[in-house]
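Worksheet: the structure to be examined is printed underneath.
The values are calculated or read from the model by the stated rules, or taken from the named source; none is laboratory data. Here the structure is a predicted model, which is why all the values come from computation and not from measurement. All Cβ positions, glycine included, derive from the backbone under ideal geometry; neighbour counts span all protein chains shown. These accessible areas exclude ligands, DNA and RNA; they are computed on the full protein's heavy atoms, side chains included. Shrake-Rupley method; radii C 1.70, N 1.55, O 1.52, S 1.80 Å.
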Amino acid sequence: MQISTRSLNALLLVLLAAACGSASDPDSMPAANGGGVMQGNVMGGGSQNMRVAVPSSSAATTTNAAGGFLLTDVPKGAAAVQFSGGGQSATLATAAMVPGEFRRMTVSISGASVTEHNEQTETEFEGTVDAIDGAVLTVAGRKVAVTDATKIRKEDAAATFADLVLGMPVEVEGTLNADGSVTASEISIEDRNDVDRVAFVGTLTQINGNTLTVGGLTVNVGSATAIVNGDTILTLADLMVGDRLLVRGAVQADKSINATRIRVLQREREDEPEEMHVTGKVTAVDATTFTIGDTKITTDAKTEFEGNGLRSLADLKVGDFAFAEVVKQADGSLLAEEVKKFTPPMQPMPST
């Protein structure tokens with residue numbers, strides 16, 4: 001990953017032992033290790049209490065009663081995840097992690113076989129725009145496809161594709177495809193004046209107005225700070241002491257951090273249903289449901305449709321490309337809140 005020295009002099013992912021209540025020295029920023037965070041769900045029988053680990057690293061955890069897991073300190077370049085337990089053992093080959101990446105995935109396991117549902121794999125990472133080829137960017141070594149459904153923002157305002165230039169620092173959110181490319185849902189243009197940027201995981205131990213204490217570090221929350229839990233947008237008032245957070249921001253002269261994005265990774269009590277997005281090619285459509293890849297999605301009277309003449313489910317056809325904001329129901333099924341039809345960018349012709 002190439003980081004612009006003008007704006008991203010340091011991209012750190014520090015994994016604090018906040019779950020154990022320890023704090024870091026507020027007078028010195030922790031050392032960089034370039035690690036990332038991988039969150040996910042294991043589907044299939046025996047998915048509870050399964051060991052999930054990244055080979056040749058210290059990143060390891062155990063799934064909860066719902067098959068959920070959270071791996072921190074995932075080293076950059078890691079491209080495999082091992083799942084074992086309940087008489088099952090399988091290794092998943094996945095796209096290599098980039099420094100400071102957050103990734104959320106869903107996998108199915110059966111015996112020695114594990115499958116990643118790439119249409120559900122979400123990624124969030126930072127980097128500079130190193131190349132522009134039509135509507136495809138290269139950021140952090142990844143091809144990032146910008147579609148007519150991609151939101152581009154700079155601070156609190158909407159921006160356009162024309163605002164993206166070589167060397168510009170950006171944060172990319174989107175779907176991580178099986179080939180390692182990304183279909184971007186949102187691209188945020190970052191402040192060129194942010195010299196020292198940091199990303200770290202820690203437990204929220206104190207809330208004092210607009211100031212948080214996370215893993216022993218002081219975090220300032222401003223009007224432009226994005227706070228999310230999955231795909232659900234939160235406010236400062238929604239944060240709770242005990243939440244485990246992923247914080248991104250800029251280090252200030254007093255060593256506090258002006259947060260640009262705060263993501264809730266874990267909390268003791270979840271009151272809201274999980275929101276997520278599913279992106280890719282439509283493989284089936286019937287009266288009330290449609291399927292993207294292998295993921296079946298239900299619609300109801302409140303589901304909103306938009307983009308490229310999409311006004312209802314009847315307008316969606318097999319072979320179309322769609323982006324769906326979905327909510328996981330109590331029975332595990334997915335209900336679409338919003339469906340957008342988009343046109344993927346043309347892929348460059350291979351050289352002869």
Legend entry - Of all residues in region 210-229 being at pLDDT below 95 and not hydrophobic (A, V, I, L, M, F, W, C), the one that is most open to solvent (accessible area, probe 1.4 Å): Ser223
Legend entry - Cross-chain or 6+ apart pairs with Cβ under 6 Å, region 54-81 first and farther than 18 Å from Leu245 by Cβ, then basic (Lys, Arg) and at pLDDT 95 or above: Thr62/Arg51
Inset, instruction - Any chance you could count how many residues in region 82-95 are open to solvent by less than 50 Å² (accessible area, probe 1.4 Å) and in contact (Cβ under 8 Å) with a residue 40 or more places away in the chain? - result: 3
Legend entry - Candidates Ala322, Ala330, Ala336 - the one that is among the aliphatic types (A, V, I, L, M) and open to solvent by 80 Å² or more (accessible area, probe 1.4 Å): Ala330
Legend entry - Output for region 101-115, where each listed residue is in a loop (DSSP other than H, G, I, E, B) and either open to solvent by 10 Å² or more (accessible area, probe 1.4 Å) or free of Cβ contacts under 8 Å to residues at least 12 places away in the same chain (or both): Gly111, Ala112
Legend entry - Tabulated pairs, region 281-294, first among the aromatic types (Phe, Trp, Tyr), second open to solvent by less than 40 Å² (accessible area, probe 1.4 Å) and at pLDDT 95 or above, C-beta under 6 angstrom, 6+ apart or interchain: Phe290/Val282; Phe290/Ile297; Phe290/Leu316
Inset, instruction - Output the number of residues of region 116-141 satisfying the condition of being assigned to a strand (DSSP E or B) and under 25 Å from Gln266 (Cβ atoms). - result: 6
Legend entry - Failed item in (1) open to solvent by 50 Å² or more (accessible area, probe 1.4 Å); (2) assigned to a loop (DSSP other than H, G, I, E, B); (3) in contact (Cβ under 8 Å) with a residue 60 or more places away in the chain, with Val98 passing the rest: (1)
Inset, instruction - Just give me the residues in region 142-164 being aliphatic (A, V, I, L, M), closer than 18 Å to Glu122 by Cα and part of a loop (DSSP other than H, G, I, E, B), in sequence order. - result: Val146, Ala149
Legend entry - Positions within region 253-270 being part of a loop (DSSP other than H, G, I, E, B) and on the phi < 0 side of the Ramachandran plot, in sequence order: Ala253, Asp254, Ser256, Arg267, Glu268, Arg269, Glu270
Legend entry - Filtered residue count, region 33-49, keeping only those that are surrounded by fewer than 22 Cβ atoms within 10 Å (Cβ to Cβ) and part of a loop (DSSP other than H, G, I, E, B): 7
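Quick grid of which residues meet (1) more than 20 Å from the chain's Cα centre (by Cα); (2) acidic (Asp, Glu); (3) more than 22 Å from Glu155 (Cβ to Cβ):
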{"residue": "Gln206", "(1), (2), (3)": "yes, no, yes"}
{"residue": "Asn210", "(1), (2), (3)": "yes, no, no"}
{"residue": "Gly216", "(1), (2), (3)": "yes, no, yes"}
{"residue": "Lys255", "(1), (2), (3)": "yes, no, yes"}
{"residue": "Leu265", "(1), (2), (3)": "no, no, yes"}
Inset, instruction - Just one of (1) exposed (fewer than 12 other Cβ atoms within 10 Å of the Cβ); (2) within 17 Å of Thr211 (Cβ to Cβ); (3) among the hydrophobic types (A, V, I, L, M, F, W, C) trips up Val241, so point out which. - result: (1)
Legend entry - When residues of region 168-193 are limited to those that are polar (S, T, N, Q) and assigned to a loop (DSSP other than H, G, I, E, B), the one farthest from Val98 (Cα to Cα): Asn193
Inset, instruction - Check region 244-252 and report whether any residue there is in a loop (DSSP other than H, G, I, E, B), modelled with pLDDT under 95 and open to solvent by less than 40 Å² (accessible area, probe 1.4 Å). - result: no
